[in-house]
Amino acid sequence: MLIVPEREIANLMTRKAAFDAVEKVFAAMAAQDAYNFPVVREAIGHEDALYGFKGGFDRAGLTLGLKAGGYWPNNLEKRGLINHQSTVFLFDPDTGKPAAMVGGNLLTALRTAAASSVSIKHLARDNAKVIGMIGAGHQATFQLRAALEQRPFDKVIGWNYHPEMLSNIEKVATEAGVPFEAVDLPGMQEADVIISITSAFAPSLMADHVSPGTHIACMGTDTKGKQEVEAALLARATVFTDEVAQSISIGEAQHAIAEGLIAEADVHQLGAVINGSHPGRSSDDEITLFDGTGVGLQDLAVASAVVDLAVEKGIAIEVDF
Ligand code: NAD
């Protein structure tokens with residue numbers, strides 16, 4: 001069994017490798033070569049922690065396993081550790097023997113950013129120039145860094161519920177040489193692409209804050225009750241997702257479905273666009289919306305890629321098991 005510790009991930013994994021792994025597994029999901037197992041997420045009654053598993057099997061990539069972990073809200077204050085903690089376990093699909101244990105914290109941010117980037121590649125207009133960010137926390141910086149590689153954006157605009165945090169994303173824009181401007185929510189009408197990545201339980205982005213032709217990646221809503229955008233926006237948009245079952249139950253589409261504004265059949269897999277079995281964007285005026293809920297297969301795909309890189313560089317730790 002191989003171990004790739006968290007401390008090695010930053011030196012091994014690239015945004016490109018994460019993008020390629022996620023794009024490939026989304027395609028495999030749509031081709032029904034890969035499937036996610038039902039998610040387990042429990043409040044364990046200790047340290048206010050939320051703990052769970054996301055797993056799956058990719059028959060095409062022969063990746064079997066799970067990500068275990070969750071959220072420990074007291075970690076930072078009490079122990080100087082980050083609050084989100086996760087580890088990926090890979091198994092040999094031929095024998096069931098454990099194959100690898102991989103630090104999952106940085107990988108989670110990279111695979112989540114890769115998902116919205118894949119949606120931008122396949123659904124945003126080719127001539128998109130302005131990218132809008134809603135959210136400026138930990139994930140937002142990864143999201144913006146990856147998205148800026150998908151189109152030659154010439155401006156970043158940003159809004160955040162806590163405006164003092166906007167400097168986090170301004171820094172990323174500046175490092176990429178792209179000017180940044182803080183805007184109010186109606187100012188998002190200038191954006192050709194919008195990424196929302198917040199922990200909100202009420203919508204910020206309303207349907208009339210979005211111009212025709214925009215692509216929106218909603219990346220923050222991954223739990224029942226969370227919501228970042230007005231449900232009416234999904235009714236105005238063509239909706240895509242990583243996994244339909246998650247989108248309608250724990251993703252952004254849960255609200256539009258509950259309000260009867262859209263039906264399950266209106267939610268399409270992004271993988272189908274990658275495979276060519278769905279045409280994707282049909283006009284320059286169409287609003288496309290990607291509901292990125294985060295699936296276990298994404299974690300397995302990037303973990304498997306990082307194990308290959310670690311083996312290549314001779315830094316995977318081998319243990320008898
Ligand atoms: P963070 O704590 O670093 O940042 C939270 C962000 O949400 C900040 O921008 C904050 O200002 C904003 N926010 C907080 N309360 C708000 C409110 N009431 N209204 C609007 N905005 C509010 O968190 P993070 O690590 O950046 O994670 C952001 C979200 O992304 C979380 O909800 C997390 O669960 C989700 N997430 C999703 C995936 C996925 O695959 N889809 C993966 C990882 C994280």
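Tabulated results
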item	result
Residue-normalised accessible area of the chain, given per residue in Å² at a 1.4 Å probe	44
Packing-based ranking, highest mean first, of 43-54, 293-304, 211-222 given that Cβ atoms within 10 Å are counted	293-304, 211-222, 43-54
Order by protection proxy (mean Cβ within 10 Å, highest first), peptides 157-166, 245-254, 58-67, 110-119	110-119, 245-254, 58-67, 157-166
Relative contact order [Cα under 8 Å, 6+ residues apart], region 125-294, whole percent	21
Calculated from backbone phi, Karplus (6.51, -1.76, 1.60) coupling profile of region 19-34 in Hz, x at Gly/Pro	4, 4, 5, 6, 4, 5, 6, 4, 5, 5, 5, 5, 7, 6, 8, 9
Gained length - residue 3 relative to residue 43, 0.36 nm times residue gap less alpha-carbon distance	11.6 nm
DSSP bridge pairs, the chain: antiparallel proportion in percent, nearest 5	50
Sorted peptide list for 193-199, 310-316, 256-262, criterion being average Cβ within 10 angstrom, highest first	193-199, 256-262, 310-316
Relative contact order (%) - the chain, alpha-carbon pairs under 8 angstrom, separation at least six	22
Two-decimal log10 I(q)/I(0) for the chain, as the Debye equation yields it once each C-alpha is a single scatterer, q = 0.11, 0.15, 0.16 Å⁻¹	-0.66, -1.25, -1.41
Degrees between helix 105-123 axis and first principal axis of the chain (Cα, 0 to 90, nearest 10)	40
Estimated vicinal HN-Hα couplings, Hz - region 71-84 in sequence order (Karplus 6.51, -1.76, 1.60; Gly, Pro = x)	10, 10, x, 9, 4, 5, 5, 7, 10, x, 10, 6, 6, 7
Cleavage-rule hits, trypsin sites (Lys or Arg not before Pro), region 197-303, DSSP coil, Cβ neighbours within 10 Å at most 15	224
Overall form of region 91-144 per C-alpha gyration tensor (a/c, 1.5; a/b vs b/c)	oblate
Square roots of 5 times each gyration tensor eigenvalue, C-alpha, region 1-155, largest first, Å	27, 23, 14
Computed [θ] at 222 nm, deg cm²/dmol, the chain (DSSP H ≥ 4; -39,500 (n - 2.57); rounded to nearest 500)	-9500 deg cm²/dmol
Quarter of Cα convex hull surface for region 81-184, i.e. mean projection, nm²	8.9
Sulfur and carbon atoms: percent of accessible area, the chain [1.4 Å]	54
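The values are calculated or read from the model by the stated rules, or taken from the named source; none is laboratory data. Nothing here was measured: the structure is a model prediction, and the numbers come from that model. Glycine also receives a Cβ, built like all others from the backbone with ideal geometry; neighbour counts cover every protein chain displayed. Quick note on the areas: whole protein, heavy atoms, side chains included, nothing else; ligands and nucleic acids left out. Shrake-Rupley method; radii C 1.70, N 1.55, O 1.52, S 1.80 Å.
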